[in-house]
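Colleague: Sharing a structure below in structure tokens format, with a few things to ask.
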Amino acid sequence: MRKPQLKLSHAIVAMIVLGAGVAVWTIGGAFFSGPSPAALSSFTVGEMSAFRSASGAPGQPRGPILTADRDEITLRDKRGKVVLVNFWATWCPPCVVEMPALDALQARLGSDDFEVVAISMDRRMEDAEAFYAERALDHLALYFDPNMNMGFAAGARGLPLSVLYDRNGIEIGRLDGDADWASPEAIALMEAAIARF
């Protein structure tokens with residue numbers, strides 16, 4: 001009669017240890033290591049197949065950016081929402097191609113929980129403003145890097161670069177190059193990030 005009790009005791013201890021391990025992992029993941037990009041791996045298909053978590057990714061750039069009203073802000077001012085930061089320029093052909101899709105993504109999902117933050121790396125803000133007007137990018141706010149170094153601080157090796165950050169400014173993942181950000185795959189990935197991070 002004691003053997004079954006002993007087995008039952010071992011099973012109970014194993015469940016407690018396993019449960020404690022899961023709790024510690026969850027707490028550690030939430031408070032110490034940031035979001036787990038692996039949680040979104042099932043969404044990185046089709047147009048989002050190039051989306052990757054960056055091991056050893058640089059921290060969110062801290063430098064100033066300008067709004068269309070020439071107000072100076074930082075990405076830290078966006079804390080509390082998931083942000084897709086896109087570094088682009090009018091002289092970059094792939095950037096020009098993807099900007100309407102980024103505008104459509106912002107139109108569809110833009111809210112207190114999510115924003116596309118498109119930061120122009122042009123030499124003059126007027127060039128980016130003219131580009132927005134010509135293409136009727138009505139949903140995408142214009143941001144400009146007056147020091148032209150935010151993209152480099154984010155680890156850009158070229159343009160465009162899109163980096164997805166969680167509500168605390170911790171990187172979830174990134175995509176080098178252009179993509180159709182209005183595609184079903186992109187919408188699904190962003191919705192999953194909003195729901196989980």
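The values are calculated or read from the model by the stated rules, or taken from the named source; none is laboratory data. As the structure is a computational prediction, the values presented were derived from the model and not from experiment. Heads up, the Cβs are rebuilt from the backbone with ideal geometry, glycines too, and the neighbour counts pull from every protein chain shown.
Colleague: Scanning for something over 26 Å from Glu185 (Cα atoms) and assigned to a helix (DSSP H, G or I), does segment 73-89 turn up at least one residue?
Modeller: From segment 73-89, those over 26 Å from Glu185 (Cα atoms) are 73-74, 76-77; that's our starting set.
Next cut, assigned to a helix (DSSP H, G or I) only: 76-77.
Yes, the conditions are met somewhere in segment 73-89.
Colleague: Among the residues of segment 76-85, is there at least one that is surrounded by fewer than 22 Cβ atoms within 10 Å (Cβ to Cβ), touching a Cys at 6+ places or on another chain (Cβ under 9 Å) and either of a type outside the set (A, V, I, L, M, F, W, C) or touching a residue at least 60 places away in the same chain (Cβ under 8 Å) (or both)?
Modeller: no
Colleague: Exactly one of these conditions fails for Ala20: (1) assigned to a helix (DSSP H, G or I); (2) modelled with pLDDT of 90 or more; (3) among the aliphatic types (A, V, I, L, M). Give me its number.
Modeller: Condition not satisfied by Ala20: (2).
Colleague: Return only the number of the condition from (1) out of contact with any Phe, Trp or Tyr (no Cβ under 8 Å at 6 or more places or on another chain); (2) surrounded by 14 or more Cβ atoms within 10 Å (Cβ to Cβ); (3) in contact (Cβ under 8 Å) with a residue 24 or more places away in the chain that Leu140 does not satisfy.
Modeller: (1)
Colleague: If you check Ala57, Ala38, which single one turns out to be among the hydrophobic types (A, V, I, L, M, F, W, C), out of contact with any Cys (no Cβ under 7 Å at 6 or more places or on another chain), surrounded by fewer than 10 Cβ atoms within 10 Å (Cβ to Cβ) and modelled with pLDDT of 55 or more? Please lay out each step first, then the result.
Modeller: Working: Ala57 fails: surrounded by fewer than 10 Cβ atoms within 10 Å (Cβ to Cβ).
Exactly one residue qualifies, and that residue is Ala38.
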